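Reviewing the structure listed below.
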Amino acid sequence: MPPMHIEERKDFPNPIEFYDNYVAPGKPVLFKGVAKQFPSYNNWKNDTYLREKYGGLTVMAETAKKEDRNNPVRPMNFSTFLSIYEEEDIYLVQDVAPPRPITEEMFVPKSLLCRGFMDLLNMALLWFSSGGTKSVLHNDSFENINCL
């Protein structure tokens with residue numbers, strides 16, 4: 001399939017516009033740079049902040065940056081992960097759905113605050129690495145919203 005054009009926006013549309021223009025027609029959209037407006041934007045870029053606030057949170061670290069469903073997973077506290085992720089071939093994919101404390105700092109744009117979407121927050125995942133991770137080719141059974 002030839003590449004398709006993906007619309008880029010620098011703002012979030014209101015909920016009706018988001019639904020009518022993107023959800024109903026199944027049209028992908030890129031909201032470029034809008035995460036800078038999130039209240040937690042600067043905090044989540046700061047390893048010291050994350051260590052102090054969530055260092056005791058137990059996380060599951062994948063032991064290679066190329067996803068393989070057979071790779072071992074290492075449980076550790078978030079503080080330990082933050083101390084090694086830049087040097088080791090490691091990344092985490094962690095459930096951050098309620099009641100995990102980190103959920104308090106997750107920002108959900110007004111466009112997505114409908115009940116149907118909020119029910120999906122039970123599937124919220126935090127992917128965290130120093131970069132260079134690769135996923136296996138797969139198909140997710142639900143819609144994805146990625147904030148990078």
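Secondary-structure-derived ellipticity at 222 nm for the chain, considering helices only, amounts to -4000 deg cm²/dmol, per-run term -39500 (n - 2.57) for DSSP H runs with n ≥ 4. Taking 0.36 nm per residue of separation and subtracting the current Cα-Cα distance, fully stretching the chain between Phe38 and Phe107 would add 24.2 nm.
Anyone know which of Pro39, Pro25, Pro98 comes out most mobile in the 10 Å Cα GNM of the chain? In the Gaussian network model the winner is Pro25.
The three principal axes of the C-alpha atoms in region 42-141 carry coordinate ranges of 40, 35, 21 Å, sorted with the longest axis first.
For Ala97, the residues whose amide H sits under 5 Å from its own are Ala124, ignoring neighbours fewer than 5 places away on the same chain, with H placed 1.01 Å from N. Each residue of region 124-139 is assigned a 3J(HN,Hα), and the resulting list reads 5, 10, 9, 9, 9, 7, 8, x, x, 7, 9, 9, 6, 5, 7, 10 Hz, derived from the Karplus form 6.51 cos²θ - 1.76 cosθ + 1.60 (θ = phi - 60°), x at Gly and Pro.
Here's how it looks for Ala61: its modeled amide H is under 5 Å from those of Arg74, Met76, which are all 5 or more places away or on a different chain.
Beta bridges from DSSP with both residues in the chain: antiparallel share about 75 percent, rounded to the nearest 5. Listed values for region 44-55 are Karplus-derived 3J(HN,Hα) couplings in whole Hz (6.51 cos²θ - 1.76 cosθ + 1.60, θ = phi - 60°), namely 6, 8, 10, 4, 4, 4, 4, 5, 5, 7, 10, x, and x replaces Gly and Pro. Applying the criteria of a DSSP loop state and at most 13 other Cβ atoms within 10 Å to the GluC sites (Glu not before Pro) of region 2-108 yields Glu86, Glu87. The share of Cα pairs per 5 Å bin across region 1-98, counted from zero up to the longest distance, runs 2, 10, 14, 15, 13, 14, 14, 13, 5, 0 percent.
Rule-based calculations on the coordinates, nothing more; no lab input. Because the structure is a prediction, the values reported are computed rather than measured. Here the Cβ is made from the backbone with ideal geometry for all residues, glycine too, and neighbour counts use every protein chain on show.
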